[in-house]
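Okay, structure first, notes after.
The values are calculated or read from the model by the stated rules, or taken from the named source; none is laboratory data. Computed from a predicted structure; not experimentally measured. Here the Cβ positions follow ideal geometry from the backbone for every residue, glycine too, while neighbour counts run over all protein chains shown.
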Amino acid sequence: MFYKFIDDYKEKLSNYGLVFKYIKWQYHLFRFTIIPFSVTAMVTYIAIISKKYFLAKISGIVFVLVSSFLIITYFVFINAAKKTIRRRYQIEPAGHLWRSVSYQDFSKKILMDYLKCRGWLNNGKLGILIDLLYKESERRKFPPLFLPGAIIALAIPVWDKVLEYLFKTGKSLNEVLAISGVALVGVFGIAILLGMFKPQFEEIKDGLINRQSQRMKEIARRLEQILLESPE
């Protein structure tokens, strides 16, 4: 029964069940664009470390193009989600955000109706469900894929190789500093990009490597909110 609830949550009660399954191509296009994004970033990194600068230049260009495409697919996905919510549930999105307060209240009501139909809408059974969900989350836990801090840390040996290469090619100190500054801004830009899209990356990890831990925690947090607001 517990695992049936998890399956039902995904298909009927989650954002996927309420919105994303109706815009599958936009949803999956955005999610899986992270694959070439990650690959080109890693190839560029390895090429610089290995002093394969021609390969690094080519992969770097591809990386910039893929990053731009990632941003475009993100906005396409957001717009599709807003249109779906407006059309199916007559709920107006809040500006750029598709998960407005009205949508969150609506999804909460759907979840509570589901729990009520199964006789689980009481403190005792909600507490048991929450405990099971956190235990299941730990069981399915997988190391995080994207950490902005790690991206910046990995960039340190890249600076070393790039600076070494630039000095060997006879670049002046000012030129080296200018190029390094641009590269530094680029790395911080990548870190910020990853931070902005962190919720989407969590969903990507879910789908690509079968990591369900985050979903278990999401359900548990929603049940905790209902439990806190319960009059019983």
Could you tell me which of the residues Arg86, Arg139, Arg118 is under 15 Å from Lys217 (Cβ atoms) and among the basic types (Lys, Arg)?
Arg139
Testing Lys52 on (1) under 17 Å from Phe32 (Cα atoms); (2) at pLDDT below 90, one condition comes back false. Which one is that?
(1)
Neighbours by Cβ (under 7 Å, 6+ apart or cross-chain): first from segment 12-27, under 11 Å from Ser107 (Cβ atoms); second β-branched (Val, Ile, Thr) and in a helix (DSSP H, G or I):
Leu13/Ile110; Val19/Thr84; Val19/Ile85
Would a scan of segment 76-83 turn up a residue that is within 22 Å of Arg222 (Cβ to Cβ), modelled with pLDDT under 90, aliphatic (A, V, I, L, M) and within 16 Å of the chain's Cα centre (by Cα)?
no
The correct count of residues that are closer than 18 Å to Val64 by Cα and hydrophobic (A, V, I, L, M, F, W, C) in segment 10-40 is 7
For the list (1) modelled with pLDDT of 90 or more; (2) under 17 Å from the mean Cα position of the chain (by Cα), I need the number of the one condition that Arg87 fails.
(2)
Output yes when any residue across segment 56-72 is within 23 Å of Glu11 (Cα to Cα), under 16 Å from the mean Cα position of the chain (by Cα) and β-branched (Val, Ile, Thr), and no when none is.
no
Among the helices (runs of 4 or more DSSP H) contained in segment 9-65, which hold 1 or more residues that are small (Gly, Ala, Ser) and surrounded by 19 or more Cβ atoms within 10 Å (Cβ to Cβ)?
34-49
Kindly establish whether Glu136 is among the charged types (D, E, K, R) and either in contact with a strand residue (DSSP E or B) (Cβ under 6 Å, 6 or more places away or on another chain) or outside any helix (DSSP H, G or I) (or both).
no
Take the residues of segment 84-104 that are touching a residue at least 12 places away in the same chain (Cβ under 8 Å) and part of a helix (DSSP H, G or I): which is surrounded by the fewest Cβ atoms within 10 Å (Cβ to Cβ)?
Arg88
